Structure formats: C-alpha cells, structure tokens
1. Are there any pairs, at least 6 apart or on different chains, whose C-beta atoms fall under 9 Å, with the first in the stretch 153-168 and modelled with pLDDT of 95 or more and the second aromatic (F, W, Y) and surrounded by 15 or more Cβ atoms within 10 Å (Cβ to Cβ), and if so, which?
2. Can you tell me which of A69, A35 is in a helix (DSSP H, G or I), surrounded by 15 or more Cβ atoms within 10 Å (Cβ to Cβ) and over 22 Å from the mean Cα position of the chain (by Cα)?
3. Looking only at residues in the stretch 72-83 that are open to solvent by 20 Å² or more (accessible area, probe 1.4 Å) and of a type in the set (A, V, I, L, M), which one is farthest from K12 (Cα to Cα)?
4. Can you name the number of the only condition in (1) open to solvent by 70 Å² or more (accessible area, probe 1.4 Å); (2) over 11 Å from the mean Cα position of the chain (by Cα); (3) in contact (Cβ under 8 Å) with a residue 24 or more places away in the chain; (4) over 19 Å from G163 (Cβ atoms) that H50 fails?
5. Is it the case that R30 is assigned to a helix (DSSP H, G or I) and not β-branched (V, I, T)?
6. Counting just the residues of the stretch 84-123 that are surrounded by 19 or more Cβ atoms within 10 Å (Cβ to Cβ) and β-branched (V, I, T), which one comes out modelled with the lowest pLDDT?
7. Does the stretch 7-27 include one or more residues that are modelled with pLDDT of 85 or more, touching a helix residue (DSSP H, G or I) at 6+ places or on another chain (Cβ under 8 Å) and part of a loop (DSSP other than H, G, I, E, B)?
8. So, in the stretch 133-183, how many residues would count as being closer than 18 Å to I107 by Cβ and surrounded by 15 or more Cβ atoms within 10 Å (Cβ to Cβ)?
Amino acid sequence: MALEKLDTVVRKEQIVEAALGLIAAHGVRRLSMAALARRVGLVPSALYRHFGSKREILQAAVQMIGQKAGENLRAVRSLTPNSLERLQYLLTGIIRMIRELQAMPRIMFSEGMATDHPEDKQQVYEMLKGVLKQVEDIIREGQERSEIRADLDAKSLAVMFWGMIPPAVILWHMSDGQFDVTRHAEKSWDLFRDGIRAM
C-alpha cells in the first residue's frame, strides 16, 4: 500500500474514532464537522478531503462498530468449541465493547439515524441482523452437539440472547454508569444458560 494511501486510511480511522468520542459525549444530533475538526486538529475543510459529509462519517462509524463486533465473534470462536461458553464470552465481549465504545448505544438508538435517512437505519439493522445470525449459528451448533436444548427455536433464542443487552445498556447509560451493566449481564447469563442448557 502506498504511503499516501496508508496515511489517508489512518487519518480516516482517526476521524471516525474522534466522531465516536464526540457522539459518546454529546449524541449523534450534536456531532458537527467543526467540533470534529477541532478534536482531530484539522481545519473543517480538511475533513472533506476524507469524508463528503457528516452522514458519511456516521456510516463509517457504523461500519467500524460492525467490524469490532465481527472481531469479537471471531475471537469467541477461537477461544472454545463449547457453544454455551461461546455465548457467555460473546455477551461479556459485547458488554465490554459497549462500555469502551460508549457511542455505540447512542448510534444504535439514535432517532436521527432512524428518521433522517432510512437507508442509514437499514445499515444499522443489517449489522444487527448479521450479529443475530451468528448467535443463531452458535446456538444451532450447540443443539447439534447436545449442549443446548434441541426443542427450542434457535432464532428465538438468538433474539432472547440479544434481548439481555439493550435494557441493561439503557439503564447504565441513563444512570451515567451507576447501573452495574456487567453484573447484570452476569446474572442474566446464568438465568439464560440454565434455561437453554441440555440436561
């Protein structure tokens, strides 16, 4: 890769990371090119050499979140062959990712992302759908190996698994971190695991 192209890739990543930091602090609606330029140490016009608009930056942010989720899933698969352990590691990884990447819930639940550009809402939906499909695949593998109850619908279990996350994240976010989202995830996991584990 040419040095100039590498510099461009690195700069784009810096801009997206800075955007995620601003979104975490102030939300999607208050993200501005001027604030972003200040955060990165550029003049606003320099941002347009890398991104055509704020919307393009938001789309790149969703892509970055999707990449991190994919990395989490790949890491989980390499840690253990056991499906229940994979699901537990996945839940732990998602919670850790949300704690570290506080812009994630703000983007996922942003009214602006949902209403200003329906195709951006679709982008978020497709990303979440991809994660759910991989959770479903782990569950099906567990059912085939008699680790997870075969009488339960894998697709519904995947949705229930995902359902442990948003309420806890909302409470954590609304309480400015006082709600112990990690502890909640651990307790929820125990209940979920006991309900789906094959006897």
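1. Pairs found: L157/F192; M160/F192; F161/F192.
2. The unique qualifying residue is A35.
3. Once the filter is applied, the top-ranked residue is L79.
4. For H50, the failing item is (1).
5. no
6. I107
7. Within the stretch 7-27, not a single residue is modelled with pLDDT of 85 or more, touching a helix residue (DSSP H, G or I) at 6+ places or on another chain (Cβ under 8 Å) and part of a loop (DSSP other than H, G, I, E, B).
8. 7
The values are calculated or read from the model by the stated rules, or taken from the named source; none is laboratory data. Computed from a predicted structure; not experimentally measured. Every residue, glycine among them, receives a Cβ derived from its backbone with ideal geometry; neighbour counts consider all protein chains shown. Heads up: the accessible areas ignore ligands, DNA and RNA and are worked out on the full protein's heavy atoms, side chains in. Shrake-Rupley method; radii C 1.70, N 1.55, O 1.52, S 1.80 Å.
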